[in-house]
Structures are given as structure tokens and as C-alpha cells.
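Notes follow the structure.
The values are calculated or read from the model by the stated rules, or taken from the named source; none is laboratory data. Remember, predicted model here, so these are calculated numbers, not experimental data. In this analysis, Cβ positions are derived from the backbone assuming ideal geometry, glycine residues included, and neighbour counts consider all displayed protein chains.
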Amino acid sequence: MSSVPKTLTEAPAENSGAGIYLDHAATTPVRPAVIEYMADVMNTCGANPSSGHQPGQAAAARIDQAAHNLAALINAPVKGIVWTSGATEATNLALKGVAEFHGGGHIIGVVSEHRATLDTLTWLERRGTRVTRLGVDAHGHIDLAALAAAIVSDTCCVSIMHVNNETGVIQDVAAIGALCAERNIVLHVDAAQSLGKLAIDVDAMHIDLLSVSAHKMGGPQGAGALYVRPRVGLVAQIHGGGQQHNRRSGTLPVQQIAGFGRACELALGERETTHTQVCGLRERLWQGLAGIDGIVRNGAAQGAAHILNVSFPAVHGAALLTGLTRGTPALAVSSGSACSAARAESSYVLRAMGRSPQLAAAALRLSLGRQTTSADVDAAAARVVAEVARLRALAPSTLVQPA
Amino acid sequence: MSAVPAWLKRFLQPQFALAGAAAGAVTDANSDFGMAAEPDPEPNIVTATVTGRADTPATDAVCEIYLTVDATRIVVMRFAVYGPPVVVACADWLCEAASGRTIAAARGLSPQDLQQALALSAQQRYGALLALDALDNALSQLQI
């Protein structure tokens, strides 16, 4: 079996060498051990896990194992795991399911959430659910007092992301959970960026619903889950077949879920070591960039270890991205969220944090993984420094303020 | 490797080369900026030089169009852009398409023309609109 490449092997034609992958917040390479495990599952478990015969039960056993692994990673009861196609579906199920159970009601979200949450809330709003979107401060954090003040008599759910996918900002989920538990309000947490990276304890943090994704932590794309605390009211959104106790119908993709479970198992044993390693590399990367004139770090140093978001005044992020993705070594990085790029807008997350549209458009997200090396980080920093200098030297003074 | 889309090919042409080398009629261009040479119109027939400007609602991209016109046609048209490469490609294509045309014909250029010529996706169509808005803004300043 071929091993997972550490670097990009299919670099643009203009490049003479391989690139450096620093887009782990978008997706992580599937870990070799996960691939091996999935291959074994595909070779040995070809039956439908809902079938009562022996091959079917062998497949079901792999899914049970995966549920145990995920549950152990978040300190949850195994029966609370509902498999989905990813965090987006999990979030849709959580928010739509709770709103339908409560007949609409009132939901509180945050302006800097992922589009999976924001767009679902907008969808619900059009159908009668009242939505309050909390703002964030310059560091990307919500104000607990503002959350408490936003709660009304029919507030049925608070939805918040644990780690922001653009900036790495970490919300104080434990404090938010305590508030929600005190007011008897369901708390949904989008943990797509934090699963396997930060400690998550759904009991201690009073989390009722937790959306997670496999491909953000070394598992395969196409697998995710929603943790549902027992006795939390939730109406199913996908019907037909009655799988997963009618909470989410559809034949389960055994090898995907098994791979997710294997990734959870690996993460549980390595989380603290990996966190220390990646955190050190991120600071090394920051030190390599900090000398750039006018550079702004978006999000605090205390944010998630794997994400560094920076803005370079007088350099457009999309232009910088185009330059960095070509040349040698090519960098696989992001200029924030793909959603914002598609809408021809600068990052709504950064603008919510008070950044000007120009500074938000000048952002670059570099996200590291467990395979990232010091050499990768040093080479990436050197390329960014050179590219920013080159673009600034050519920038039109009539349109761009100097850094 | 997937095919390079037309807008990116245009952006990557020599005058916008990421190596930074300038070539042709464009004297100073890069991935977030394309600035024209000083207009060099034919002597004795120039009647006006105007500048048009447009930006996106979030002002994360700005396009300026510089026009030199005689009584009926655009003698030379150049641009400066701060923004994504697709905007540079659109402004560059528009300058090439409009230069030498009558003002009426330039007014007739549409987003569909750019979309088709540069194979823009629906999400990139804003680049065409931005360049055309800047041109429209420039033309609106002409007393013709």
C-alpha cells in the first residue's frame, strides 16, 4: 500500500518541485494507519450492517467499535452517537431537529460561525424560527453577559463553534455550557476543528449536541457524527429505513465510519503530544512572518495550535494565494474561507472581529498538521515573506495605502 | 492536472507574470495589480482623458479604468486593479476589447462577453461586473 504523501505530489505544472501542505483546517491527509484499517474493513466486511446475518453483524461490530472510540474521545455514552456524512449534516440535523421539536422557538448563534451553521439558521429563520446572532470582540470571543441577555423564555438552543475554522479562536464552551445548563437550554457545539486536537468532555462542558467530522483529524472525507445527549428532543431530518434508531436513516458506510473510529483511537493516544508539537511549529511560523511590515495576527496566540491567520496590509489575499500556490515550493494554503471567496467578499469572520474589509481581504490562513515539519514551516515562511515583498513593490499607490 | 481556465491563462500571460517581469504595453503589473503605461494617443485628435472607478460592496477589490478618447472612439484604455487575479484578467480583457472601438460599441460590451471569453464561473462573474462598472463610470464622465 502506498503511504500518504507528506507533501503535495501533484504540484502545478509551473513548479519544478513538490509543495508544502499547510491547509489542514480544510482537510487533513488520511493517516496511513486509518487507510490500512479501512482497507481491511473493505476486504472483510462487505455486508450491510443492518442485516442480521453473520457478515452483516461483522460489519455492525466495526461500527460499534468506531462508536466506542469516538465516545471515548469526547467522554460520551456510546448510544449518543449518530453517524452522518460530515459535520455539515450533523449541524443541520442538530439545529433543524431541535427547532422542529420545539415548534420553531428561538435559537442563539454567533456571527462568526461556519456557514453550515449560519446558512442553516437563515433557513430556519425563513420558516419562523427567531434567531439571534451574537457578535464577537476583536479577539473573536463572545461576551457571556451578552449571551445571557439574549436568552428569552422560548430560547431552545444555543449554537457555537468550539474552534473557529478561519482564525483558530477558541470559545469558552465550558462556561457557555454551564450557562445553558442553568437555563435548561440545549447547547450545540460545532467541534469540527477541535475534535482530536483539544480536550472535549461533553459531560463536564454540558454539551448536548456535538457536530464532528472525520476528515479534519486524519480520517476519511464523507464521515461525521452528531453526539446527542440522551433525552434531548430532536426530530430526524432524513427518513427511510429507520437506521440508527430512526434518528438518521440510510445505510451506514462501514469503511468510512470504521476509519473515523480508528482516527479517533489514534488521536486519543497522541492528542497532547501532537498539540505540543504543532503549537511549537505554529509559533516558529509566526516568528518567521512577524518581521513583515504591518502584519496583523488574527486571533490570539492562545488559539487552536494548528491555525495561524495573518493579514498583510496592501496585499490582496487572493493575489497572494495565487502567487504562493505557484512557484517553488508551492504552498497549499487558504485565504480564509472558500465560502467567502465564492461570494466575492472578504472574510465575514474577520470583519466580525472588527477588521476593515481591506484587511480582511488581505488575510492568509496557514494550518498545520501532525506531519508538518520545521523545514516545511521555515520554507513556507520564506516564501510568504518574499511574495508579500514582491506584491507590495508593485502595488498601485493610487489604490492601495502603504503598509 | 486540470486544465487552466481562460481567465487564469490571461492573468498568467507575460505582462502579469508572477516572476514580476513586465512586458508589452503594460509597464507595471502583478497578481493584484495591473497598471497601464501612459496613454500614447495619436496627436491632434485626442479630446479627453478620464478615469472611472468601481469597487465591490465589501471594497475588497478596486478597479480603475483610464480612457483616452477622441470624438467617437476609444483611442487607448488601460487599467489598475487591486484585488483577486480574476479581476485583473477581466480588466485586461476589457481594455484590449474596448481599445480602438467606438464609444457606442464599448458601451455595448456585456458581462456575458467577458464571461464567455474568460470562461468565468458564476462566482467569478463579479470580476466582469466590476470591470464594466469602472468602464461605465469612465464613459459617464464624457460630455459626448
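Within region A:350-363, being within 13 Å of chain B (Cβ to nearest Cβ) and either surrounded by 24 or more Cβ atoms within 10 Å (Cβ to Cβ) or not in a helix (DSSP H, G or I) (or both) holds for A:Leu350, A:Arg355, A:Ser356, A:Ala360, A:Ala361, A:Ala362, A:Ala363. Listed by position, the helices (runs of 4 or more DSSP H) contained in region B:65-121 that have at least 2 residues being within 12 Å of chain A (Cβ to nearest Cβ) are B:85-98.
Assess whether A:Arg271 counts as being under 19 Å from the mean Cα position of the chain (by Cα) and modelled with pLDDT under 95. Against the criterion (under 19 Å from the mean Cα position of the chain (by Cα) and modelled with pLDDT under 95), A:Arg271 qualifies.
The numbered conditions (1) assigned to a helix (DSSP H, G or I); (2) in contact with a Leu (Cβ under 8 Å, 6 or more places away or on another chain); (3) without any contact (Cβ under 8 Å) to a residue 60 or more places away in the chain; (4) buried (at least 18 other Cβ atoms within 10 Å of the Cβ) are all true for A:Trp286 except (4). Listed by position, the strands (runs of 3 or more DSSP E) inside region A:142-251 whose residues that are touching a helix residue (DSSP H, G or I) at 6+ places or on another chain (Cβ under 7 Å) and aromatic (Phe, Trp, Tyr) number at least 1 are A:224-228. In summary, A:Val254 fulfils each of the numbered conditions (1) loosely packed, with under 15 Cβ neighbours inside 10 Å; (2) out of contact with any His (no Cβ under 8 Å at 6 or more places or on another chain) with the single exception of condition (1).
The single condition among (1) outside any strand (DSSP E or B); (2) aliphatic (A, V, I, L, M); (3) over 20 Å from the mean Cα position of the chain (by Cα) that A:Val131 does not satisfy is (1). Of the residues making up region A:364-395, those that are within 9 Å of another protein chain (Cβ to nearest Cβ) and surrounded by fewer than 20 Cβ atoms within 10 Å (Cβ to Cβ) are A:Arg390, A:Ala393, A:Leu394.
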